[in-house]
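Please read the structure below before turning to the comments.
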Amino acid sequence: MNNSLFRLPPAENEPVRSYAPGSPERLNLKAELERTLKGGFDLPIVIGGKEIRTGSTSALIRPDARGTVLGRYHLAGETEARAAVEAALAARRAWEGMPWEERAAVFRRAAALAAGEYRPRLVAATMLGQSKTAQQAEIDVCEAIDFFRFNPVFMESIYSLQSASLADEWNSVSYRPLEGFVYAVSPFNFTAIAANLASAPAMMGNVVVWKPASTSVLSNYFLMRLYEEAGLPPGVINFVPGKGSAISGVVLARPELAGLHFTGSTEVFRQLWKGMADHLPAYRTYPRIVGETGGKNFILVDPSADPEVALVAAARGAFEYQGQKCSAASRLYVPSSMGKVFLDKLADLIKILPMGEVTDFRNFAGAVIDEASFDSIAAYIERAKSSAKARILAGGRCDKSKGFFIEPTLIRALDPHYETMEVELFGPVLSAYVYDDGDMEAAYRLVDSTSPYGLTGSVIARDRGAIEAASRALSGAAGNFYVNDKPTGAVVGRQPFGGARATGTNDKAGGPLNLLRWASPRALKENLDPPRDWRYPYMGEA
Ligand code: NAD
């Protein structure tokens, strides 16, 4: 470990392909979509490198064509959870003892595979399993590649953080993996997040039990295959799709639990944290808790804003991937001086966003992830239709007959605390409030205090003073703050991602800070000229 002579090349972000008509990537992807649509998948659990089929299965369905069953996956229960922990612990010594360059090599190879032969498979699985358009699925897979490329470089930079030495004293810091295993629990919405949650701790020498979300098992399974093909030793990452509560019941009770790497809803994160608190006295080490959860992300349009910039930021920021990005804009503040004209234009723009099956490349939006999500979002829209405090300005139709389709919807809230201005809906719904631009300090206070979250936010303004004032007043409101841009689309290595307040621990995936959480430093001092006399000089006779 800590071989300072070794230097990785600087990482570069994977270029996002266009999939424009006639492009080779489009042809490849279409062929892969056809292959994937043939279905018949029978996806196993993977523990200690071995495939396990429990016979208790769940269907892999397409959210945007709910009648299409792509196959099934086997569900892990308590027995498999126990086996996964044992397999991880069995792999631990050899993996943590492996020089870091070797660990880095596995994930750099994974990046090469994901950028090459695995790319169409990962993009197609993300499209069909998670209902992403080709563009959104490509961005997602590029982000996964970026995690695999940048994290080794961050790892090297962490290992190079060393203490000063003296002529007769040699100091160093070694960045040990955590003593135990890490529990990675991933959300459905990004294949890249699933990739990072399991691979970042593993890269730092940890062993991992990974529970993927039930609605992203197809793409996540291909990630597992990718790790194996890249040379990851068996047991370092164990893939256990299944019911979260059953798996957590086993995992959280293990004294060797050394970390939780979570992304998902606030409620589940709090449940897991509480579960860990209950077992605290039994743990051998205080488990690291890294969690990113919900958001109620804002766009504040300043009176000095270029309206066209604000319109595009709102439409893209709120409706790409049907608003199911954790960073998606879901509350919009429009100055009274722009009010109705701006909202009318935004409504016109939203009405033309094409929605439908993601296999039809003309579509901008697909379906929401599943029926529970559909029902929950549709209920908010129905309430808004009959509320005196809200007006639907665009969209509002919901139809789950063929797929879980919810039209991109714009709600004008007449009360700044109307429920859709405050609650995370996690769907294609943007709520707008027209604020009094005669009092910007009051507007900043409103934006800052409306939501318990602190994930992303944008200010759209031309006036430099306004940008500076908003940035200062809203410094606690967003872990990722954007100026004249949509609040989504953070890029690994350029905008490390995460939020504080009710959102999460803000440990910034896509930057070195996250990796540091998966190391337990040991400071080592060697005395090169140890004393042989116990007396100190001051003790001499006066
Ligand atoms: P979710 O909380 O429903 O599920 C997340 C994961 O937790 C899934 O794997 C699920 O199966 C699992 N789970 C549920 N109960 C569990 C339990 N008791 N023990 C262990 N695992 C359990 O979230 P989701 O619907 O997959 O994702 C959407 C949410 O994630 C939104 O709130 C969104 O804002 C958030 N999110 C946040 C970020 C971020 O970086 N802040 C990124 C992506 C998603």
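For segment 322-460, the share of DSSP beta bridges that are antiparallel, to the nearest 5, is 40%. Between Ser401 and Leu513, the FRET efficiency estimated from the beta carbon spacing at R0 = 41 angstrom works out to 0.35. You can think of it this way: the chain between Ala372 and Ala500 has 43.4 nm of extra reach, that is 0.36 nm per residue less the Cα-Cα gap.
Among 59-71, 184-196, the peptide with the highest mean count of other Cβ atoms within 10 Å heads the list, and the full ranking is 184-196, 59-71. So how tilted is helix 307-319 from the main axis of the chain? Cα-based, degrees 0 to 90, rounded to 10. For 307-319 against the chain, the angle is about 70 degrees. These residues, His417, His279, go from largest to smallest accessible area, 1.4 Å probe, as His417, His279. Each peptide in 421-431, 45-55, 443-453 receives the mean, over its residues, of other Cβ atoms within 10 Å, and ordering these scores from highest gives 421-431, 443-453, 45-55. Residue ranking by accessible heavy-atom surface, 1.4 Å probe, largest first, among Glu156, Glu229, Glu371 comes out as Glu229, Glu371, Glu156.
Here's the picture: a label point sits 7 Å out from the Cα of Ala94 along the beta-carbon direction, and within segment 218-235 the residues with their amide nitrogen under 12 Å of it are 232-235. Quick check for you: which residues of segment 404-419 have the amide N under 20 Å from the point 7 Å beyond the Cα of Lys385 toward its beta carbon? Answer for segment 404-419: 404-414, 419.
Once the Cβ-Cβ distance between Arg284 and Ser174 is put in as r, and R0 is 30 Å, what FRET efficiency do you end up with, to the nearest 0.05? Using R0 = 30 Å, I get an efficiency of 0.95.
Looking at this model, which pairs from Lys340/Lys486; Lys30/Lys296; Lys340/Lys400; Lys30/Lys345 are more than 24 angstrom apart at the alpha-carbon? As for pairs spanning more than 24 Å Cα to Cα, those are Lys30/Lys296; Lys340/Lys400; Lys30/Lys345. Between Lys525 and Arg464, the distance separating the two model label sites (each 7 Å from Cα on the Cα→Cβ line) works out to 4.9 nm.
The values are calculated or read from the model by the stated rules, or taken from the named source; none is laboratory data. Predicted, not measured: the structure shown is a model, and the values here were computed from it. A quick note on method: Cβ atoms are made from the backbone with ideal geometry, for glycine too, and the neighbour counts reach across all protein chains shown. Protein only, heavy atoms only, side chains kept; ligands, DNA and RNA dropped before computing areas. Shrake-Rupley method; radii C 1.70, N 1.55, O 1.52, S 1.80 Å.
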